[in-house]
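Working notes, structure below.
Just so you know, all these numbers are worked out from the coordinates, no wet-lab data involved. The structure displayed is predicted, hence computed values, not measured ones. Using ideal geometry, Cβ is built from the backbone for each residue, glycine included, and neighbour counts are taken over all protein chains shown.
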Amino acid sequence: MIDFKTKTEHIVLEKDSIVHCTVLKGAYMDISDAKENLEAIKILSKGKEVSVLVDIIKSKGISQKSRAYFESDEAEEIQSACALLIWPPLSKLIGNFFIGFNKTKFPTKFFTEEPEARKWLSSFNVCYIYK
């Protein structure tokens, strides 16, 4: 396991080559945070496209510019798929807001159970960094 901590997330490259991002309690992500988090994913994945699991359960929110950034070509180049781990009701509201107004260029789906999210993400893993 290799990890990285940013202002808003703890980001871990796991043995199955899924990048697990846990939003820190009460964190609100602005555009500079979004860029820092995506850069951390790039570093951990060595620039290879990976599946990303994002736990937004304790998130306070995300700015519109950040949501738009995660729609960008730059985000698409590094993420093959994204599973958002939510817990109703607040994180579901945040998650619906994220997906409802923004259309990523890679598959994105909500989950309330981590094993389900991991199973779904494993079908999108295009490379294994730990080979």
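Ordering 36-47, 76-87 by mean Cβ neighbour count within 10 Å, with the highest value first, yields 76-87, 36-47. If you look at the Cα atoms of segment 2-122, you get an Rg and a Dmax of 12.7, 35 Å.
Remark: the Ser122-Asp16 segment gains 37.3 nm on full extension, using 0.36 nm per residue and subtracting the alpha carbon distance. Taking label positions 7 Å along the Cα-Cβ direction at both Lys42 and Thr112, the computed distance is 3.7 nm, reported to one decimal.
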